[in-house]
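Visitor: Right, I'll just put the structure down here and ask away after.
The values are calculated or read from the model by the stated rules, or taken from the named source; none is laboratory data. Computed from a predicted structure; not experimentally measured. Cβ placement follows ideal geometry from the backbone for every residue including glycine, while neighbour counts extend to all protein chains displayed. Note: areas computed on protein heavy atoms with side chains; ligands, DNA, RNA excluded. Shrake-Rupley method; radii C 1.70, N 1.55, O 1.52, S 1.80 Å.
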Amino acid sequence: MNQEDDTTYEPAHGPAYEPEATRRDAGEAESSRASRGWWDRNADEYQTDHGAFLGDDRFVWGPEGLDEADAGLLGPARSLKGLDILEIGAGAAQCSRWLAVQGALPVALDLSHRQLQHALRIGEGEEAPLVPPVPPVPPVPPIPLVQADAGLLPFRDGSFDIACSAYGAVPFVADPVNVMREVRRVLRPGGRWVFSVTHPIRWAFPDEPGPEGLTVAASYFDRTPYVEQDGQGRAVYVEHHRTLGDRVRDVVAGGFRLVDLVEPEWPAWNTQEWGGWSPLRGNLIPGTAIFVCERD
């Protein structure tokens, strides 16, 4: 779950700089390189800012706070026991730990080495600096951690029963159909693939949590990626926009059947702001889209 940031970058050589935000084309290699660098640089701050909300063993689908324990989009929790599950874009593997508590056999994959270091930290029971204390995680077996690109999954065909991703990988890749096909390849027949992304309609609005974020400011149909770049024009952050119809077509082109499309409503208990997400906007327009898919 990520939005535009105001990070000041400090390269190994040369002065710090403020990245320039723009809309321009960004290919697969550039997008992957930018995502890995961004998350390696910002993982500590991300976990400090959002670790308490995400928990250590909670499976939350987005800033609205929809829990898999309540939604059951992967299937009833009791039915997950013994299933091989791949979490893509796992970050600190909070979702994988929840799955392990249910008796599943998760594997957590992420592009960022630093994010996976946080997964190790939480697995070893350490707190991150400045993160408010949270209840201890129930003891679970160590979760396999894999650093890899979602577009080239390092697993044999038919290795998993379920694949899932909470705001991981899909919004940041230039070729989402390739990711869909890779996920289908590693799933067994009848396998389920569930992923969440920023709701496409949000791209028409400014990424602001207040009233200024409620006025349409751009074309919903403009698929030009959002890019933050350094002084030499090198992308340091890339996010790709697809319309709702595009996402559905990507799912189908990847060999899946769309079972459900969930648009979580903002709950009354959630009073936090997270980037452009807020109770004000969440009560008026959707912020997250969750695609529930199955392969033949």
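Visitor: Within region 240-296, track down each residue that is on the phi > 0 side of the Ramachandran plot and open to solvent by 40 Å² or more (accessible area, probe 1.4 Å).
Guide: Listed by number, the list holds a single entry, GLY275.
Visitor: Follow-up. Would you say ALA217 is under 22 Å from GLU18 (Cβ atoms) and of a type outside the set (Ser, Thr, Tyr)?
Guide: On the way: under 22 Å from GLU18 (Cβ atoms): yes; of a type outside the set (Ser, Thr, Tyr): yes.
For ALA217, the condition - under 22 Å from GLU18 (Cβ atoms) and of a type outside the set (Ser, Thr, Tyr) - is met.
Visitor: Moving to a separate point now. If you check ARG114, ARG184, which single one turns out to be among the charged types (D, E, K, R), at pLDDT 95 or above and within 20 Å of GLU45 (Cα to Cα)? Reasoning before the result, please.
Guide: Values: ARG184 fails: within 20 Å of GLU45 (Cα to Cα).
Among ARG114, ARG184, only ARG114 is among the charged types (D, E, K, R), at pLDDT 95 or above and within 20 Å of GLU45 (Cα to Cα).
Visitor: Which of the residues spanning region 219-239 are of a type outside the set (Val, Ile, Thr), surrounded by 15 or more Cβ atoms within 10 Å (Cβ to Cβ) and either at positive phi or assigned to a strand (DSSP E or B) (or both)?
Guide: TYR226, GLU228, GLN229, ALA235, TYR237, GLU239 - these are the residues of region 219-239 that are of a type outside the set (Val, Ile, Thr), surrounded by 15 or more Cβ atoms within 10 Å (Cβ to Cβ) and either at positive phi or assigned to a strand (DSSP E or B) (or both).
Visitor: Between residues in region 206-218 that are closer than 15 Å to GLY282 by Cβ and touching a residue at least 40 places away in the same chain (Cβ under 8 Å) and residues that are polar (S, T, N, Q) and surrounded by 11 or more Cβ atoms within 10 Å (Cβ to Cβ), which pairs lie under 7 Å by C-beta distance while being six or more apart or on different chains?
Guide: If the second residue must be polar (S, T, N, Q) and surrounded by 11 or more Cβ atoms within 10 Å (Cβ to Cβ), the pairs left are ASP207/GLN3; PRO209/SER278.
Visitor: List, please: which pairs have Cβ atoms under 9 Å, are six or more places apart or on different chains, and start with a residue in region 274-285 that is over 23 Å from THR48 (Cα atoms) and end with one that is open to solvent by 30 Å² or more (accessible area, probe 1.4 Å) and hydrophobic (A, V, I, L, M, F, W, C)?
Guide: Listed by first residue and then by second, the contacts come to LEU280/LEU214; ARG281/PHE205; ARG281/LEU214; LEU284/LEU214; ILE285/ILE201; ILE285/PHE205; ILE285/LEU214.
Visitor: Can you tell me which of ARG78, ARG36, ARG41, ARG58 is assigned to a loop (DSSP other than H, G, I, E, B) and either open to solvent by 10 Å² or more (accessible area, probe 1.4 Å) or within 30 Å of GLU294 (Cα to Cα) (or both)?
Guide: Details: ARG78 fails: assigned to a loop (DSSP other than H, G, I, E, B); ARG36 fails: assigned to a loop (DSSP other than H, G, I, E, B); ARG41 fails: assigned to a loop (DSSP other than H, G, I, E, B).
Checking each option against the conditions leaves just ARG58.
Visitor: Name the strands (runs of 3 or more DSSP E) wholly inside region 143-204 in which the number of residues that are open to solvent by less than 40 Å² (accessible area, probe 1.4 Å) is 2 or more.
Guide: Fully inside region 143-204 and qualifying: 160-166, 187-198.
Visitor: Here's something else I'd like to know. Pairs, please: C-beta under 7 Å, at least 6 apart or cross-chain, first residue under 11 Å from HIS113 (Cα atoms) and in region 21-50, second open to solvent by 30 Å² or more (accessible area, probe 1.4 Å) and at pLDDT 95 or above?
Guide: Qualifying pairs under 7 Å: ARG36/LEU111; TRP39/LEU111; TRP39/ARG114; ASP40/HIS113; ASP40/ARG114; ALA43/ARG114.
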